[in-house]
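Values quoted throughout were computed directly from the atomic coordinates according to the rules given, and no laboratory measurement underlies them. Since this is a predicted model, take the numbers as computed values, not measurements. All Cβ positions, glycine included, derive from the backbone under ideal geometry; neighbour counts span all protein chains shown.
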2 protein chains.
Amino acid sequence: MEIKIMKNILDRNQNKAEEVRNLLFSKNVMMINIISSPGAGKTTLLERTCEELVPKFRIGVIEGDITTDRDAMRLKRFNIPIVVINTEGGCHLDSHSISKALGSFDLDNLDLLFVENVGNLICPSQFDLGEAFKLAVVSTTEGDDKPGKYPMLFREAKAVLLNKTDLIPYTNFSLVNFKSDLRNINPHVPLFEVSCTGGEGLKEWYDWLGKQIDAAR
Amino acid sequence: MEIKIMKNILDRNQNKAEEVRNLLFSKNVMMINIISSPGAGKTTLLERTCEELVPKFRIGVIEGDITTDRDAMRLKRFNIPIVVINTEGGCHLDSHSISKALGSFDLDNLDLLFVENVGNLICPSQFDLGEAFKLAVVSTTEGDDKPGKYPMLFREAKAVLLNKTDLIPYTNFSLVNFKSDLRNINPHVPLFEVSCTGGEGLKEWYDWLGKQIDAAR
């Protein structure tokens, strides 16, 4: 019974997600659904990416959080459109809340819309938001076993960003084990090894992202 | 509508949780529900705790994982009873799966039963498993803003264990901010500042845990 209910919820979510996807396609807006554990570095990644790509690209952000607008506050200085969705305990965003949030953006003046999903490796990967693609962010301090233990997200992601590479020397994280785990699940997904605080490796991410935007135009 | 369905699920979960709680109470078994983000260090905490407390206490473990039995494998060397619950995509354990798992333990020969919940700061905090109490584990590398951003767990927890204190020098984690955030939500909850890999601070955790077990006897 619970599975059936879940299926209905997912079906309704999927229908609305297709609506969102069609709308964004017609407006030439690329929406990226960023998913990670709590504290893996999604907001810091957005800060770095805005520093590099604003105003080259017209960027907007939807901030999904259970409560508080702390992440949005960290992005305020870029003077870009930001909408906060507080899920009030909900463990993921869904396409209906995204659809509503889109009403607050001027989609004709946007190239790129980042969705920072609720910090959770599991539930967000099951809900299509109408995004162009999912970006999985994972940090070295979470351990090298995350792709194997949370395969759904790593299977769905169009790109994987491994953050906090600067902390590898202080942990038992093995890049070899991580990659082997990841490649078992998603053999060809682009992997960016970066430190969002130090900046190492981010150029490859910016370049790849720029190419995705150009290709979508 | 979705809220009503959710309420039914939670009601059914709560009823079974009370059954589990009564059973464990009658058997003098203290069950601890360990909840954290992916990779915060739950399994490493269990390894350290078993090294210290086996065979002084008779310990069992229920390992909740989406897939794989990797965490259970790490505990095999202690030769203690372990049951793995694979949720097959599910984002939390519930009291019905715990109730079934209990059938595999000899409860008359157990003092302490650890439940390592699925790595997720959100959903597990909403499902009572019939535990004596919830232990929140959070690591410094996740950032100092986790209590404020994920208040449910930190409100519910009877103890909070802050792991990876050895990595503080390499991050922008502020212990002052973390404590202020935590104390806003749960003013008097015991806080253990530890490094599960290095061992710092764990003695206070062992001592406190021993006292809880003695008090419950």
**OP:** Taking each label point as 7 Å beyond Cα in the direction of the beta carbon, state the distances from B:Ala216 to the same residue in the other copies, shortest first, in nm.
**Re:** 5.0
**OP:** Decide, for region B:96-217, between rounded, prolate and oblate: order the square roots of the alpha carbon gyration tensor eigenvalues as a ≥ b ≥ c, take rounded if a/c falls under 1.5, and otherwise choose prolate if a/b is larger than b/c, else oblate.
**Re:** prolate
Original post:
Once you put a point 7 Å from the Cα of A:Asn15 and another 7 Å from the Cα of B:Lys76, both along the Cβ direction, what distance in nm separates them?
Top reply: 4.9
**OP:** Could you list A:Phe178, B:Phe105 in order of exposure, starting from the residue whose Cβ has the fewest other Cβ atoms within 10 Å?
**Re:** B:Phe105, A:Phe178
Subject >> Chain B Cβ-axis minimum, rotational copy A, residue and distance in Å >> reply: B:Thr141, 2
Subject >> Shielding by partners, peptide A:30-39 (average Cβ within 10 angstrom, other chains) >> reply: 4
Original post:
Where the only charges are on Cβ atoms (+1 Lys, Arg; -1 Asp, Glu), what is the dipole of region A:1-156 about its Cα centre, to the nearest 20 debye?
Top reply: 80
**OP:** List the residues of region A:152-168 whose backbone N lies under 15 Å from a point placed 7 Å from the Cα of B:Thr67 along the Cα-to-Cβ direction.
**Re:** A:152-157
Original post:
What nm distances, shortest first, do you get from the label point of B:Asp108 to those in the other copies when the point sits 7 angstrom along Cα to Cβ?
Top reply: 7.9
Original post:
Between copies, how far does the label point of A:Leu23 sit from its twins, in nm, shortest first, when each point is 7 Å from Cα along Cα→Cβ?
Top reply: 4.8
Subject >> Exposure proxy order (Cβ contacts within 10 Å, fewest to most) of B:Trp208, A:Trp205 >> reply: B:Trp208, A:Trp205
Subject >> Cα-based Rg and Dmax for chain A, where Dmax is the largest Cα-Cα distance (Å) >> reply: 16.7, 50
Subject >> B:Tyr150, B:Tyr170 arranged by Cβ crowding within 10 Å, fewest neighbours leading >> reply: B:Tyr170, B:Tyr150
**OP:** Among DSSP beta bridges whose residues both lie in region B:69-217, state the antiparallel percentage, nearest 5.
**Re:** 0
Original post:
Most fluctuating residue of B:Ile185, B:Ile82, B:Ile34 in a GNM of chain B with Cα springs under 10 Å: which is it?
Top reply: B:Ile185
Subject >> Binned Cα-Cα distance frequencies in region A:1-128 - 10 Å width, integer % >> reply: 12, 44, 34, 8, 1
**OP:** Excluding residues on the same chain fewer than 8 positions from B:Lys100, give the lysines whose Cα lies under 24 Å from its Cα.
**Re:** A:Lys4, A:Lys149, B:Lys7, B:Lys16, B:Lys27, B:Lys42, B:Lys76, B:Lys134
